[in-house]
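The numbers here are math on the coordinates, done by the rules we state, and not lab data. These numbers were taken from a predicted model, which means no experiment stands behind them. No Cβ is skipped: glycine too gets one built from the backbone with ideal geometry, and neighbour counts run over all protein chains shown.
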Amino acid sequence: MGVEVFGREVFVTRGCALACGVQLHSPCHISGGTRIGADTKILPGCCIAGARIGGGCTVTNSRICGSKIGDGCTVGPFCNVREGCFVGNGCRLGDFVELKNAALGEGCKASHLSYIGDAELGARVNVGCGVVFANYDGQKKERTYVGDKAFIGCNSVIIAPARIGEGVYIAAGSVVSGEIPPQSLAISRPPLYVKPHGADGRYLND
């Protein structure tokens, strides 16, 4: 079985190489000497330039430029993988996830609304919804390192330079930096203050 094309608006420039079983769904644009492995599905809305995408992947409505994606990965929808990134086998990059100068080990998951910039993640790291790797202090960019099997809870901010050990669990809503030893639980939250009846008169209620 060769390459299957679905729809009219599929553009593949010279120099690209697509393996057997690749599916291209309109509209999509493949350029820059991109290589795509066997049985990978490029679904509508993709723009891929100068990338290496492994076999058995599914890419949905996303942009991948100058980066390498391993085998068995799912990317998108609305994912942006910028130049110089590496994504290991079996990873999941979900909707509105952006990677910049990042390397992800095998089995990593970043399923929703996250920015991973200037970072190296080990295997099977979970990046929760809304996590931001804050890599720029206004003058220079720093790098973050995350060990295998770390769990980064929703809406956390990782301030570079940071080194997060293997198996670390970062609680949702935390702001962390520096070094966190392996197997640690990291929690950084302001205390919750509740004033009884403090909302009285603030809103018009029916």
Taking θ = phi - 60°, what integer Hz values does the Karplus form 6.51 cos²θ - 1.76 cosθ + 1.60 yield along the range 146-151, in sequence order, with x for Gly and Pro? 10, x, 4, 6, 6, 10
Given trypsin sites (Lys or Arg not before Pro), DSSP loops and at most 13 other Cβ atoms within 10 Å, the longest exposed-site-free stretch of the chain is 15-139
Quick one: if you stick a label point 7 Å off each Cα along the C-beta vector at Asn155 and His112, how many nm between them? 1.2 nm
Run the Debye formula on the Cα coordinates of the range 113-165, all scatterers equal and no solvent, and tell me log10 I(q)/I(0) at q = 0.21, 0.25, 0.31 1/Å. -0.68, -0.94, -1.30
Report the far tail of the P(r) of the range 1-100, meaning the percent of Cα-Cα pairs longer than 22 Å. 14 percent
Say the cut-off is 31 Å between C-alpha atoms; which of Lys109/Lys140; Lys41/Lys149; Lys41/Lys109; Lys41/Lys141 go over it? Lys41/Lys141
Correct choice for semi-axes √(5λ) of the Cα gyration tensor in Å that was computed from the model, options (i) 37, 17, 14; (ii) 37, 21, 14; (iii) 34, 17, 16: (ii)
Whole number please: convex hull volume per residue, Cα atoms of the range 91-206, in Å³. 143 Å³
Just to confirm my numbers, what's the Cα centroid distance between the range 138-180 and the range 8-60 in Å? 33 Å
For Val3 and Lys140 in one chain, what is 0.36 nm times their gap in residues minus the Cα-Cα distance, to one decimal in nm? 44.9 nm
Placing unit charges on C-beta atoms (Lys and Arg positive, Asp and Glu negative, everything else neutral), compute the dipole magnitude of the chain about its Cα centre in debye, rounded to 20. 240 debye
Please check the chain for the longest run free of chymotrypsin sites (Phe, Trp or Tyr not before Pro) that are loop-located per DSSP (anything but H, G, I, E, B) and have at most 12 other Cβ atoms within 10 Å. 1-192
